[in-house]
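The values are calculated or read from the model by the stated rules, or taken from the named source; none is laboratory data. On a predicted model such as this, the values are computed, not experimentally measured, just so you know. For neighbour counting, all protein chains shown are included, and Cβ atoms are generated from backbone atoms with ideal geometry for every residue, glycine included. We work out accessible area using only protein heavy atoms, side chains counted, and drop any ligands, DNA or RNA first. Shrake-Rupley method; radii C 1.70, N 1.55, O 1.52, S 1.80 Å.
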Amino acid sequence: MAAKTFSGGVQVPHYKELTEHLPIREGPRPTEVVIPLSQHTGAPCEPTVRRGERVLVGQKVGDSEAFVSAPVHASVSGKVVAIEPRPHPLGGEVLAVVIESDGEFAVHPEVKPLGPLEELSPEQIKRMLRESGMVGLGGAAFPTAVKVSPPEGKHIDVFLLNGAECEPYLTADHRLMVEHPEDVVLGMRALMKALGVGRGIVCVEDNKPDAIEAMKKATMPHSELEVAVCRTKYPQGSEKQLIKAVLGREVPPPPGLPLDVGVVVNNVGTAWAVARALTTGLPLVERVITVTGPCVAQPANLLVRIGTPFSSVVDFCGGFASAPAKIIMGGPMMGVAQRGLEVPVIKGTSGLLLLPEEDALAQQPQPCIRCGRCVEACPMGLLPLLLAAYAEQGRFEEAESLRALNCMECGSCSYICPARRPLVHAIRVAKADIMARLRARRK
Amino acid sequence: MIGALVTLAVLGLVFGSLLAYAASRFRVERDPRVDEVQDVLPGANCGACGYPGCGGLAEAIVDGRAPVDACPVGGPAMWESIARIMGVELTTDRERMVAKVRCFGGTLCSDAFRYRGIEQCRAAALVQKGPKACPSGCLGFGDCVAACQFGALRINRYGVAEVDPERCTGCGKCVQACPRQLIHMVPAGKKVHVLCANTVRGAKVRKMCKVGCLGCRACVRACEYDAIQVDNNLAVIDYAKCTECGACAQKCPTKVIEDAGRQLHPRAVHEAAGREAAS
């Protein structure tokens, strides 16, 4: 059977050989963790502990009343030494709970496994997802409890487990599928039970044959589960592109969501974390990240506690092989460039990529030659060249009429542009302006 | 040949008289004052008044929907002429306002990282909230300069945007263009201003900028008129109370308060730093 795919997109070199065969290791044991109170899409949390208080692993340190939010928990045991604004990987400073570790990693007494999945009701699973602060670990960090609570009247018939991991360099999901396929399947089944969905598909790109093999074996005992093989193409891991490739369904443009076509997509990392929360009772206090790039002495896949400073993670990997010119949280296509290593690992950190000067070099943009390659590459069917031109001239209303808001910033256009124009950056400028005006209008 | 000429002439006559009839029958009365007012207006069509161009405002003034001083660009002399056209007395307490950039950090404000991307402030502000260490530092790419139709703004030699108050018409376009909201409107006559918008605590300010407000309250203590307050770590002048005595500017430890009357300006800190670097 031919591998499934979507239209548009680009072939990117994947550079996964640095870490794809390295087993997941336990990461550094941080002496101090910084837990930002906003690590997810939605309302930020309020601190639920005070300065000077002693906290234990898994204890809630921040929560919010809002529906779209997720609580945050202590990832070490120790003393709360500060609750203050600290640098955040997504820019600026965000209120954070700083915990000094006592080195014991003592677990909170209330952390207990919930019992076997068969005995849990969908409501119990949803409550567990909320209480454990579960969010989508693919990068956007959307609260999982909200994702599995579709509004009345939306019928979901398929659950997709996203194991495409199409970003170059990243291998965390790949390793989870190879090393813990049973846990991934357990988490997937828990999410499906919460949703009440009877059909689940694990989607993997065909550059990960060992993961496909492992997932096929693990899904064998469950007749409602299957594995779909997707062609390796960027951005296969984007929700809408995955749905199109695997199911042939087209998600309507924003505000259209996958649930409008009866689908919910979750990430492999999320499913694994859900399984961990079920079997151990521990909330989301650690995650698997890929630390990689030519500037890392020993690239690795690590299980890291949320709140661990990037600097400790890099030190744990043997420090710099050479001085990095660019530090990226996430992959090179959609990751977020960092100011430095003083920021903590957050729930949405899928990897840490350190690039040398020659790889990070932004070439001087040349004039657009109207070759149309960005148009061919855009998986959303937009006209990146026009959107970017309007954005640079400040003609945001025209950009809006060309559906700038449909852009998911995958970077395919910037990657393919032979004139090296910063297309996505320009479109982001337009999107920011359009969003600001929409917000102002709503008020 | 003759036939064609005659036909054309007849057609011309018929349609011409139709048009002439229509012109008198369906004539729209237009207040002659609209044209007069429009002649007086600056004609920049900048949109600062909120109406679609000077023509739109002229109609609004004549219709009584807008006051005679609705155009901030023209200033009192122009308001006076519009009032004369409209046959009303000019009663306005509207002061001429000019734009002021609340930052003079520039080269004395450290960079958090090297930014390579689209050379616009609004683009740079999207990357980690901007490459300056200070969250309220002027990014210096000149989005405000591009927005100004009157040539009143420039990026000066220290890398910060600066307004030429003589040329500034107070249209406020730059205020909207700045992604960091660093530009505000101040009364044109006032000489004392705080050139900083940073609300970070003083100890942190010192690490990122040599000409940042520390929120130390030295200015508040120096002021005899209760005209300067520190709110959220930032000194703010109440222009209604300020007498321009300059006491605050004298006392400011980081010289971030400008007093144009006494030649006090954060520019001096830049010049001193430049001399130090040279020697």
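Quick look at the numbers
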{"quantity": "Answer residue from the range B:173-206, given it is of a type in the set (Gly, Ala, Ser) and in contact with a strand residue (DSSP E or B) (Cβ under 9 Å, 6 or more places away or on another chain) and is surrounded by the most Cβ atoms within 10 Å (Cβ to Cβ) among those", "calculated": "B:Ala197"}
{"quantity": "Failed item, numbered, when B:Leu5 is tested on (1) open to solvent by 70 Å² or more (accessible area, probe 1.4 Å); (2) modelled with pLDDT of 90 or more; (3) part of a loop (DSSP other than H, G, I, E, B); (4) not basic (Lys, Arg)", "calculated": "(3)"}
{"quantity": "Filtered residues of the range B:159-168 (kept if part of a loop (DSSP other than H, G, I, E, B) and open to solvent by less than 20 Å² (accessible area, probe 1.4 Å))", "calculated": "B:Val160, B:Cys168"}
{"quantity": "Total residues in the range B:108-152, condition at the interface with chain A (Cβ under 9 Å from one of its Cβ atoms) and among the aromatic types (Phe, Trp, Tyr)", "calculated": "1"}
{"quantity": "Residues within the range B:100-133 that are more than 20 Å from the chain's Cα centre (by Cα), in a loop (DSSP other than H, G, I, E, B) and not basic (Lys, Arg), tallied", "calculated": "14"}
{"quantity": "Among residues of the range B:243-257, those that are in contact with a strand residue (DSSP E or B) (Cβ under 6 Å, 6 or more places away or on another chain) and open to solvent by 20 Å² or more (accessible area, probe 1.4 Å), counted", "calculated": "1"}
{"quantity": "Considering residues of the range A:383-423 that are of a type in the set (A, V, I, L, M, F, W, C), open to solvent by 20 Å² or more (accessible area, probe 1.4 Å) and within 13 Å of another protein chain (Cβ to nearest Cβ) only, the residue nearest to A:Leu361 (Cα to Cα)", "calculated": "A:Ala389"}
{"quantity": "Lone unmet requirement of (1) open to solvent by 10 Å² or more (accessible area, probe 1.4 Å); (2) out of contact with any Pro (no Cβ under 7 Å at 6 or more places or on another chain); (3) of a type in the set (A, V, I, L, M); (4) within 30 Å of A:Ile328 (Cα to Cα) for B:Ala146", "calculated": "(4)"}
{"quantity": "Output for the range A:285-313, where each listed residue is part of a strand (DSSP E or B) and not β-branched (Val, Ile, Thr)", "calculated": "A:Glu286, A:Arg287, A:Ala300, A:Asn301, A:Leu302, A:Leu303, A:Arg305, A:Pro309"}
{"quantity": "Residue in the range B:102-110 that is hydrophobic (A, V, I, L, M, F, W, C), free of Cβ contacts under 8 Å to residues at least 40 places away in the same chain and more than 17 Å from B:Gln181 (Cβ to Cβ) present", "calculated": "no"}
{"quantity": "Extreme residue, most open to solvent (accessible area, probe 1.4 Å), among residues of the range A:316-334 that are within 14 Å of chain B (Cβ to nearest Cβ) and touching a Leu at 6+ places or on another chain (Cβ under 6 Å)", "calculated": "A:Lys326"}
{"quantity": "Positions within the range A:19-38 being open to solvent by 10 Å² or more (accessible area, probe 1.4 Å) and part of a loop (DSSP other than H, G, I, E, B), in sequence order", "calculated": "A:Glu20, A:His21, A:Leu22, A:Pro23, A:Ile24, A:Pro28, A:Arg29, A:Thr31, A:Ser38"}
{"quantity": "Flag for A:Val12 being β-branched (Val, Ile, Thr) and either within 24 Å of A:Pro87 (Cβ to Cβ) or open to solvent by 30 Å² or more (accessible area, probe 1.4 Å) (or both)", "calculated": "no"}
{"quantity": "The range A:335-382, residues that are within 14 Å of another protein chain (Cβ to nearest Cβ), open to solvent by less than 30 Å² (accessible area, probe 1.4 Å) and over 30 Å from A:Glu32 (Cα atoms)", "calculated": "A:Ala360"}
{"quantity": "Filter result for the condition that a residue is crowded, with 16+ Cβ neighbours inside 10 Å and in contact (Cβ under 8 Å) with a residue 12 or more places away in the chain, over B:Val37, B:Val88", "calculated": "B:Val37"}
